[in-house]
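One structure is given below, encoded as structure tokens.
The values are calculated or read from the model by the stated rules, or taken from the named source; none is laboratory data. Note that this is a predicted model, so its numbers are computed, not measured. Cβ sites come from the backbone with ideal geometry, for glycine too, and all protein chains shown count toward neighbours.
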């Protein structure tokens, strides 16, 4: 299956993801959870490879911090 790409027909990200899975919400959520797990593993591996000097002490975090709503798309706040 080719990689999911957002379409430019004006559909929202959620609608596009559901359409990719033939409007099967459970399949859409399952895919998103698998993608999340994969990306968390990639982030963990990358953070082990980064030296503290390269990132000036910054380390990526696996969990999101509490967002005050000032960043990100408005429909996700």
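Could you tell me how many of the residues in segment 15-31 are in a helix (DSSP H, G or I) and either surrounded by 12 or more Cβ atoms within 10 Å (Cβ to Cβ) or on the phi > 0 side of the Ramachandran plot (or both)? If you could, list the steps in order and put the result at the bottom.
First, pick out the residues of segment 15-31 that are in a helix (DSSP H, G or I): 15-20, 25-31.
Right, trim to either surrounded by 12 or more Cβ atoms within 10 Å (Cβ to Cβ) or on the phi > 0 side of the Ramachandran plot (or both) and you get 15-20, 27-31.
Result for segment 15-31: 11.
Is segment 59-68 home to any residue that is exposed (fewer than 10 other Cβ atoms within 10 Å of the Cβ), touching a helix residue (DSSP H, G or I) at 6+ places or on another chain (Cβ under 7 Å) and either at pLDDT below 90 or not in a helix (DSSP H, G or I) (or both)?
Step one: filter segment 59-68 for residues exposed (fewer than 10 other Cβ atoms within 10 Å of the Cβ), giving 59, 61, 63-66, 68.
Filter once more, so that each one left must be touching a helix residue (DSSP H, G or I) at 6+ places or on another chain (Cβ under 7 Å): 59.
If we keep only those that are either at pLDDT below 90 or not in a helix (DSSP H, G or I) (or both) as well, we get 59.
Checking segment 59-68: at least one residue is exposed (fewer than 10 other Cβ atoms within 10 Å of the Cβ), touching a helix residue (DSSP H, G or I) at 6+ places or on another chain (Cβ under 7 Å) and either at pLDDT below 90 or not in a helix (DSSP H, G or I) (or both).
Go over the candidates 34, 50 one by one and state the one that is over 17 Å from the mean Cα position of the chain (by Cα) and either modelled with pLDDT of 90 or more or surrounded by 12 or more Cβ atoms within 10 Å (Cβ to Cβ) (or both).
Numbers: 34 fails: over 17 Å from the mean Cα position of the chain (by Cα).
50 is the lone residue from the list that is over 17 Å from the mean Cα position of the chain (by Cα) and either modelled with pLDDT of 90 or more or surrounded by 12 or more Cβ atoms within 10 Å (Cβ to Cβ) (or both).
For first residues located in segment 28-39 and closer than 12 Å to residue 18 by Cα, partners that are assigned to a helix (DSSP H, G or I) and lie 6+ apart or on another chain with Cβ distances below 9 Å form the pairs 28/14; 28/17; 28/18; 28/20; 31/17; 31/20; 32/17.
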